[in-house]
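Asker: Got a structure for you, questions after.
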Amino acid sequence: MNSLIFLLLAIFSIVTLFPIIWTAITSLKTDVQMFAIPPDLLPHPATLSHYKEVLMGNFPAYIRNSMLVTFFSCAISLALGIPAAYGFAKYATEKTKPVFAAVTAVRMVPPVAMVIPFFLIIRNIHLSDTLLGLIITYIPFELTLIIWMLKNFFGQIPREVEEAAELDGLSAWGILLKVVLPMSKSSVGVAGLMAFLFSLSLTSTKSAQTLTVGIAGYVTSFQTFWGSMSATGILFMIPAFILTFIFQKDLVKGLTAGAVKG
């Protein structure tokens with residue numbers, strides 16, 4: 001039984017990692033090697049020209065825009081989502097249940113279905129192709145994700161702990177800030193990291209383009225720049241890998257918190 005589980009996990013790992021490995025290999029190939037028949041499994045010789053081309057191009061602007069938009073949208077979403085999730089978890093009534101259902105329903109709507117409404121709203125308030133417009137666009141998606149993730153965990157915090165804090169004279173905000181948040185650092189961190197890694201793009205000029213749009217820009221009507229696209233993709237994944245590696249213990253703890261009751 002253990003051997004079968006190990007085999008299934010090995011197959012799943014290979015299937016999951018293969019696109020990343022192939023992208024890394026492609027980023028090190030020359031243009032001739034990419035289209036060789038039969039295909040070259042390993043680059044010989046390997047080249048860093050695609051990475052040089054990307055780093056000397058618009059990549060620094062893309063990464064700057066991505067970091068600015070993600071940081072501010074994530075910070076605003078956390079500031080609004082934490083008290084909202086706590087309110088839904090601890091002060092739920094029959095009147096708040098439809099509100100929470102509406103919030104979670106946003107997660108079920110395909111993002112592409114919201115492209116046109118968001119485009120019209122952003123255009124009408126004259127924020128097209130601006131970082132502020134992107135931040136406003138990100139917040140609803142990140143906010144619903146944070147509320148959905150944190151509500152269940154906040155609901156698992158023993159009521160006795162909060163009652164003891166009330167006896168000490170803490171208000172609802174005091175309980176949230178001084179008791180609940182210190183007890184739920186891992187879950188809040190996971191929710192923040194998920195929101196931080198979340199990406200959505202609604203831009204058309206380089207002044208506000210993020211990495212995801214920059215990568216898509218390598219596909220043109222006449223040619224697909226596979227080398228540059230692969231190099232940008234690898235550079236794009238590095239921050240996510242680093243953050244996941246650093247916070248892997250908190251990720252596991254936060255994702256499993258509140259999963260088992262009793």
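Asker: Within segment 147-169, is there a residue that is farther than 30 Å from residue 31 by Cβ, at pLDDT 75 or above, of a type in the set (Val, Ile, Thr) and crowded, with 16+ Cβ neighbours inside 10 Å? Before the answer, list the steps.
Answerer: Residues of segment 147-169 farther than 30 Å from residue 31 by Cβ: 147-169.
Still in the running and at pLDDT 75 or above: 147-169.
Now narrow it down to the ones that are of a type in the set (Val, Ile, Thr): 147, 157, 161.
Within this subset, residues satisfying the condition of being crowded, with 16+ Cβ neighbours inside 10 Å are 147, 157.
Yes: one or more hits.
Asker: Right, here's the next one. Listed residues 53, 94; which is charged (D, E, K, R) and either over 30 Å from residue 173 (Cβ atoms) or in contact with a helix residue (DSSP H, G or I) (Cβ under 6 Å, 6 or more places away or on another chain) (or both)? I'd like the intermediate steps shown before the answer.
Answerer: Working: 94 fails: either over 30 Å from residue 173 (Cβ atoms) or in contact with a helix residue (DSSP H, G or I) (Cβ under 6 Å, 6 or more places away or on another chain) (or both).
Checking each option against the conditions leaves just 53.
Asker: Quick check on my filter: what residues within segment 8-29 are of a type in the set (S, T, N, Q) and without any contact (Cβ under 8 Å) to a residue 40 or more places away in the chain?
Answerer: 13, 16
The values are calculated or read from the model by the stated rules, or taken from the named source; none is laboratory data. Because the structure is a prediction, the values reported are computed rather than measured. In this analysis, Cβ positions are derived from the backbone assuming ideal geometry, glycine residues included, and neighbour counts consider all displayed protein chains.
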